[in-house]
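Participant: So that we are looking at the same thing, I have put the structure below in structure tokens.
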């Protein structure tokens, strides 16, 4: 790994790495620039990301392309109703010498694609989310560390509810970002069809390795933050809670539960990373606002009145950020 003389030089290297990553991923992914940006911010921030979108929007291809461009070990787990915790963590077997031996499951990789995470029962969801929090698993009373860096990029289909097990709010809170994938524009879809209906195969070259990613994660943590930015992030998170003095009339009317302290932490870390990839050495309030929606989206629980009147979580966040 290249040794940097100072954090300033390292920050410049991070900006170059981010540009190179987006260019490389762009060879396989048409459009979705905002989605790619948010996923990369979550990776450099050492967070996990939930991708929500209807089928056919290249969620799986996106994760695959990012893992290729990062040069990391990638593992896809297709979540199904019969998937058990041992299927993803691993299990102990009795070897030829009659000794117990732990066989690692697919969770032992750098990037995990948890495909359709809401299709598996809570027991298996909990096993994955424990690994996300601890970056380790326990089998037969023995703790096994997961490789570093470790990211979970989970996908979820918002349409089908039958036969699914929606993640409860306490488990959703473990994800740094909830990123919504929308339909492509006409021109983007035209480019997708042209790219994917020939015999040409797109090969992506690795831009970073695991050591560099871990270094950049630590670099993001070292970025200084002014007090007014800390205060804004905490106030923004607090303003989503209907029973606090910082809540506005809309929150009190349409929200049952707001974001917890983890949202405030992620707002600061996400703002640091957003500032860094945009050439700034310290985040400002605009950087907090830039990452607010994907961080707060899954942490605000609307009430029945909001659903009846068509008030979305995004509407509430937009008003809080604007105010």
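Participant: Hey, does the stretch 199-211 have a residue that's over 22 Å from residue 297 (Cβ atoms), in contact (Cβ under 8 Å) with a residue 12 or more places away in the chain and not in a loop (DSSP other than H, G, I, E, B)?
Facilitator: Scanning the stretch 199-211 turns up at least one residue that is over 22 Å from residue 297 (Cβ atoms), in contact (Cβ under 8 Å) with a residue 12 or more places away in the chain and not in a loop (DSSP other than H, G, I, E, B).
Participant: Of all the helices (runs of 4 or more DSSP H) wholly in the stretch 1-94, which have at least 3 residues that are more than 20 Å from the chain's Cα centre (by Cα) and free of Cβ contacts under 8 Å to residues at least 24 places away in the same chain? Let's see the steps before the verdict.
Facilitator: Numbers: elements: 7-25, 33-44, 59-70, 85-89.
Of the helices (runs of 4 or more DSSP H) lying wholly inside the stretch 1-94, those with at least 3 residues that are more than 20 Å from the chain's Cα centre (by Cα) and free of Cβ contacts under 8 Å to residues at least 24 places away in the same chain span 7-25.
Participant: Residues to consider are 114, 131, 109; find the one that is touching a strand residue (DSSP E or B) at 6+ places or on another chain (Cβ under 6 Å), in a loop (DSSP other than H, G, I, E, B), crowded, with 19+ Cβ neighbours inside 10 Å and on the phi < 0 side of the Ramachandran plot. Give the derivation first.
Facilitator: Values: 114 fails: in a loop (DSSP other than H, G, I, E, B); 131 fails: in a loop (DSSP other than H, G, I, E, B).
One residue alone meets the criteria, 109.
Participant: Do we find that residue 242 is part of a loop (DSSP other than H, G, I, E, B), touching a strand residue (DSSP E or B) at 6+ places or on another chain (Cβ under 9 Å) and free of Cβ contacts under 8 Å to residues at least 40 places away in the same chain in this structure? Reasoning before the result, please.
Facilitator: Working: part of a loop (DSSP other than H, G, I, E, B): yes; touching a strand residue (DSSP E or B) at 6+ places or on another chain (Cβ under 9 Å): yes; free of Cβ contacts under 8 Å to residues at least 40 places away in the same chain: yes.
For residue 242, the condition - part of a loop (DSSP other than H, G, I, E, B), touching a strand residue (DSSP E or B) at 6+ places or on another chain (Cβ under 9 Å) and free of Cβ contacts under 8 Å to residues at least 40 places away in the same chain - is met.
Participant: Looking for something assigned to a helix (DSSP H, G or I) and in contact with a strand residue (DSSP E or B) (Cβ under 7 Å, 6 or more places away or on another chain) - is there at least one such residue anywhere in the stretch 260-267?
Facilitator: Scanning the stretch 260-267 turns up no residue that is assigned to a helix (DSSP H, G or I) and in contact with a strand residue (DSSP E or B) (Cβ under 7 Å, 6 or more places away or on another chain).
Participant: Sticking with this structure for a sec: Condition first: in contact with a strand residue (DSSP E or B) (Cβ under 6 Å, 6 or more places away or on another chain) and either surrounded by 13 or more Cβ atoms within 10 Å (Cβ to Cβ) or outside the structural domain of residue 62 (by TED's automatic domain parsing) (or both). Now tell me which residues in the stretch 147-173 satisfy that. It would help to see each step written out before you state the result.
Facilitator: Taking the stretch 147-173 as the starting set, the residues that turn out to be in contact with a strand residue (DSSP E or B) (Cβ under 6 Å, 6 or more places away or on another chain) are 151-156, 158.
Passing the criteria: 151, 152, 153, 154, 155, 156.
Participant: Is there a residue in the stretch 164-171 that is under 20 Å from the mean Cα position of the chain (by Cα) and in a strand (DSSP E or B)? I'd like the intermediate steps shown before the answer.
Facilitator: Going residue by residue through the stretch 164-171, those that are under 20 Å from the mean Cα position of the chain (by Cα) are 165-171.
If we keep only those that are in a strand (DSSP E or B) too, we end up with none.
Taking every residue of the stretch 164-171 in turn, none turns out to be under 20 Å from the mean Cα position of the chain (by Cα) and in a strand (DSSP E or B).
Participant: Still on this structure: Being outside any helix (DSSP H, G or I) and touching a strand residue (DSSP E or B) at 6+ places or on another chain (Cβ under 8 Å) is the filter here, so list the residues in the stretch 268-307 that pass it. Spell out the reasoning first.
Facilitator: Restricting attention to the stretch 268-307, the residues satisfying the condition of being outside any helix (DSSP H, G or I) are 278-284, 300-303.
Selection gives 300, 301, 302, 303.
Participant: Within the stretch 14-44, can you find the residues that are under 14 Å from residue 208 (Cβ atoms) and surrounded by fewer than 17 Cβ atoms within 10 Å (Cβ to Cβ)?
Facilitator: Listed by number, the residues that qualify are 15, 16, 19, 20, 23.
Participant: OK, next. Only one of 279, 270, 258 is modelled with pLDDT under 90 and closer than 23 Å to residue 36 by Cα; which?
Facilitator: Numbers: 270 fails: modelled with pLDDT under 90; 258 fails: closer than 23 Å to residue 36 by Cα.
Answer to the check: 279.
Participant: Hey, residue 287 hits all of (1) more than 21 Å from residue 247 (Cβ to Cβ); (2) modelled with pLDDT under 90; (3) buried (at least 21 other Cβ atoms within 10 Å of the Cβ) but one; which does it fall short on?
Facilitator: Every listed condition holds for residue 287 apart from (2).
Participant: Given (1) under 27 Å from residue 266 (Cβ atoms); (2) modelled with pLDDT under 85, identify the lone condition not met by residue 93.
Facilitator: Here residue 93 meets the rest and fails (1).
The values are calculated or read from the model by the stated rules, or taken from the named source; none is laboratory data. Please read all numbers here as calculations on a predicted model, not as lab measurements. Glycine gets a Cβ as well: all are built from the backbone with ideal geometry, and neighbour counts include every protein chain shown.
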